[in-house]
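Reading through the structure tokens given below for one structure.
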Amino acid sequence: MASLTSLPPELQMHTVHLTSDSQPDLAVTLEEPAQNNEAFTETVLLILCLLSSWGPAGNEAGTSCRGIRLILSAASPTDAIDSHGFKRRHRKVRWERSCIGFLVNRPRDLPVSCLVSTFSCTALKTFRNFSLAAICAIASCLPNVHTLDWGLGDLERHGIARGVEMREEFAKGLMELPRNVRHFALKFDRGVPLNHHWSPPQLYHGDPAVPDPLSVSLRYLMQRLETLEIKNDTIIGSEIFWPSSSTDPGSHNNGPVGFPNLRHVVVCAGIVSPYGSWLCSEDPSVGAVQPPNVNPLNDDVVPGDEGEAMFRLKYLPGLVEPYHLAAACAASRMPRLNNLEIMWSSPRPACLEYIVRDCGAQATLKFYGSLPLELTGSSEKAWREAVKVHVGDENSLDMDFIDEGNNWQPPETRTLRA
């Protein structure tokens with residue numbers, strides 16, 4: 001058994017026991033997911049048991065020792081190719097339908113390890129999707145973890161009901177994360193629907209007037225973070241920054257909202273809201289809306305991709321404004337803030353960036369992209385309140401509206417730093 005002094009700085013856990021999917025290409029039997037979940041459960045328990053045995057000094061909450069990085073990924077050798085090395089059709093679609101998790105919602109008494117300081121997982125593009133609840137359950141067993149870097153799939157577009165269930169499980173799991181988490185990076189890409197005639201669904205149960213549970217959970221998490229990065233067109237509501245209504249649980253009985261440690265915030269939002277609405281409308285300057293261009297060879301598509309008709313190119317001020325206003329209200333409660341960005345990268349890039357420069361001597365608010373967004377009076381007033389907190393004078397706000405046309409690209413996401 002390894003001693004504490006010989007612990008590797010990085011521990012990679014790769015699940016290699018996954019069974020190959022059966023034929024035909026689009027068929028997945030009931031036994032295969034169960035076998036994969038069994039392999040995943042056994043592997044996670046083995047790794048956590050091993051980590052918990054390294055101690056005892058390292059397995060005390062708050063112990064100061066060299067932490068290790070746990071990386072979790074899962075793949076089957078035949079996910080993308082067959083036994084002869086040829087690519088299989090629709091393999092990515094099958095990943096979207098396959099989600100790996102525990103045999104039960106959560107094994108009882110998962111081993112606890114205080115040695116892990118960073119927990120990363122990859123489940124996008126080239127890897128299979130993980131159960132969101134399972135990833136949160138693993139993180140909850142790492143009381144000293146301070147950095148979470150997750151690439152998870154919000155890809156249940158074939159089964160909307162299951163996708164809603166997974167998002168709500170994720171919202172609950174985020175509320176159980178260890179108190180020591182300070183840095184959180186999340187890729188939670190759902191993909192922009194290709195057919196803009198499609199009506200997106202509400203992504204949570206209950207009254208649409210009630211705030212999105214996932215957005216609310218992320219806001220609660222933000223209140224103890226130092227850095228936050230939400231990437232890849234994540235479908236998120238304005239409640240991620242600030243309570244939106246009296247129905248938001250953070251608007252009453254919980255004291256004032258505050259983010260005392262936040263320094264760096266990046267949120268890349270999708271143009272579809274979790275409430276079942278588009279944030280963009282038709283742009284009359286482009287021309288008449290065409291019917292969907294259906295590819296006859298594409299015989300297995302997800303809802304919203306039945307045909308390509310991307311005509312929603314004009315942001316709706318009434319739906320985008322709540323994000324700007326909420327971000328401004330939140331910024332005024334972030335005394336250590338260096339920069340805050342909220343952007344939409346598709347179909348027309350647009351970004352709001354707030355920067356505090358020269359140790360609080362100057363604050364700049366930039367709107368830029370191929371289609372710069374407008375700032376309303378309410379938002380400007382809220383941003384000046386934030387400037388008053390960071391600079392001391394609300395009149396020190398420097399606003400810059402930049403139209404860079406089609407050459408603009410979203411700012412490069414900064415490296416997550418502990």
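The values are calculated or read from the model by the stated rules, or taken from the named source; none is laboratory data. Keep in mind the model is a prediction, meaning the values are calculated, not measured. Note: ideal-geometry Cβ built from the backbone for every residue, glycine included; neighbour counts use all protein chains shown.
Summary table
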read-out	value
Those residues of segment 247-291 which are modelled with pLDDT of 90 or more and either hydroxyl-bearing (S, T, Y) or touching a helix residue (DSSP H, G or I) at 6+ places or on another chain (Cβ under 9 Å) (or both), in sequence order	F259, L262, V265, V267, A269, S273, P274, Y275, S277, W278, L279
Any hit, segment 397-410, residues being assigned to a helix (DSSP H, G or I), in contact with a helix residue (DSSP H, G or I) (Cβ under 7 Å, 6 or more places away or on another chain) and modelled with pLDDT under 85	no
So L203, is it free of Cβ contacts under 8 Å to residues at least 60 places away in the same chain and either of a type outside the set (G, A, S) or assigned to a loop (DSSP other than H, G, I, E, B) (or both)	no
Members of segment 208-227 found to be without any contact (Cβ under 8 Å) to a residue 40 or more places away in the chain and surrounded by fewer than 20 Cβ atoms within 10 Å (Cβ to Cβ), listed by number	A209, V210, Q223
Any chance D233 is assigned to a loop (DSSP other than H, G, I, E, B) and of a type in the set (D, E)	no
V320 being closer than 23 Å to L194 by Cα and modelled with pLDDT of 80 or more	yes
Selection within segment 18-69 - among the acidic types (D, E), at pLDDT 55 or above and either part of a loop (DSSP other than H, G, I, E, B) or touching an Asp or Glu at 6+ places or on another chain (Cβ under 8 Å) (or both)	E32, E60
